[in-house]
1. Pull up region 138-161, narrow it to residues that are part of a helix (DSSP H, G or I) and at pLDDT below 95, then point me to the one that is least open to solvent (accessible area, probe 1.4 Å).
2. One residue is enough: does region 111-119 have a residue meeting the conditions charged (D, E, K, R) and at pLDDT 95 or above?
3. I'm trying to understand the selection: among the residues of region 47-62, which are in contact (Cβ under 8 Å) with a residue 60 or more places away in the chain and surrounded by fewer than 18 Cβ atoms within 10 Å (Cβ to Cβ)?
4. Considering only region 182-222, how many residues are part of a loop (DSSP other than H, G, I, E, B) and either free of Cβ contacts under 8 Å to residues at least 40 places away in the same chain or more than 16 Å from the chain's Cα centre (by Cα) (or both)?
5. Would you confirm, using the coordinates I've provided, whether D87 is touching a Pro at 6+ places or on another chain (Cβ under 9 Å) and open to solvent by less than 70 Å² (accessible area, probe 1.4 Å)?
6. Of the conditions (1) at pLDDT 90 or above; (2) open to solvent by less than 70 Å² (accessible area, probe 1.4 Å); (3) not small (G, A, S), Q104 fails just one. Which one is it?
7. In region 167-181, which residue that is assigned to a loop (DSSP other than H, G, I, E, B) and hydrophobic (A, V, I, L, M, F, W, C) is farthest from Q154 (Cα to Cα)?
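The values are calculated or read from the model by the stated rules, or taken from the named source; none is laboratory data. In this text, all values refer to a predicted model and were calculated from it rather than measured experimentally. In this analysis, Cβ positions are derived from the backbone assuming ideal geometry, glycine residues included, and neighbour counts consider all displayed protein chains. Note: areas computed on protein heavy atoms with side chains; ligands, DNA, RNA excluded. Shrake-Rupley method; radii C 1.70, N 1.55, O 1.52, S 1.80 Å.
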Amino acid sequence: MIAGPPGAGKSTLALSVAVLSGVPTLYASMDTHEATMALRTTAMLTGLPQMEVENRIKQDPSWASQVLAQKASHITWMFDASPSLADLADEVALYREVNGDNMQLLVVDNMIDVTHDSGDEFSSLRSLARELKWWSRDTGAAVLALHHTSESYQGNPCPPRAALHGKIAQIPSLILTLAAPSDGLMAIAPVKNRYGPADPSGQTAMWMEYTPATMQIKDINL
């Protein structure tokens, strides 16, 4: 799970994982529509500012399509703005049917956008988290879920584990919280790590270079 307040860069980090991993991926983008994701992905792949990418697309609409076909064809997209849990399950089954195999990475962006029959938001989030765990076991895929943290918690530098909406920290094996980027940096804190070190307070963080204009997240060159 990648969690953080609005604007912290959750989607950028998840997209970077999906693009750079190069593995067969199903990316459920509920928070961002198709044109914006195409723009962001093209910027990430080319290193060009999103404004320049947008201008080039206007001049040559086929250019971005060629870039995406060459370097991001391993990603299958789902752009339902508010799918139900059943819709997600159907998409996972459809991926297997169309491709003859399971995806190796499933990205859910964002958990809060999945609709449920239950009126209890926290109960619904827990149900979704359990379902994602089951899909991971059933398909063998890595599951990366994006989630929000409460803005009432102050990060130092990152939000603590207690800031997760819905108190669903029990299920994911790894939870990273992000600090809102500043000065070209992004802070990433492991607040839960079943197989390694973690700090629930969010105070133990690593820093990476972050350039939103070009969608680049990189190791800091020391």
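1. Just the residues of region 138-161 that are part of a helix (DSSP H, G or I), to begin with: 138-139, 161.
Next cut, at pLDDT below 95 only: 138-139.
Details: D138: 67, T139: 21 Å².
This residue is T139.
2. Going residue by residue through region 111-119, those that are charged (D, E, K, R) are 113, 117.
Okay, now just the ones that are also at pLDDT 95 or above, so none.
The answer is no, given that none of the residues of region 111-119 is charged (D, E, K, R) and at pLDDT 95 or above.
3. Within region 47-62, the first condition is being in contact (Cβ under 8 Å) with a residue 60 or more places away in the chain, and the residues that meet it are 47-51.
Result: G47, P49, Q50, M51.
4. Our first condition is that a residue be part of a loop (DSSP other than H, G, I, E, B); within region 182-222, this holds for 183-184, 194-205, 212-215, 219-222.
Narrowing further to those that are either free of Cβ contacts under 8 Å to residues at least 40 places away in the same chain or more than 16 Å from the chain's Cα centre (by Cα) (or both): 183-184, 194-205, 213-214, 219-222.
Summing the residues that are part of a loop (DSSP other than H, G, I, E, B) and either free of Cβ contacts under 8 Å to residues at least 40 places away in the same chain or more than 16 Å from the chain's Cα centre (by Cα) (or both) in region 182-222 gives 20.
5. Numbers: touching a Pro at 6+ places or on another chain (Cβ under 9 Å): no; open to solvent by less than 70 Å² (accessible area, probe 1.4 Å): yes.
Here the answer is no, as D87 does not meet what is asked.
6. Just one mismatch for Q104, condition (2).
7. Going through the qualifying residues, I end up with I171.
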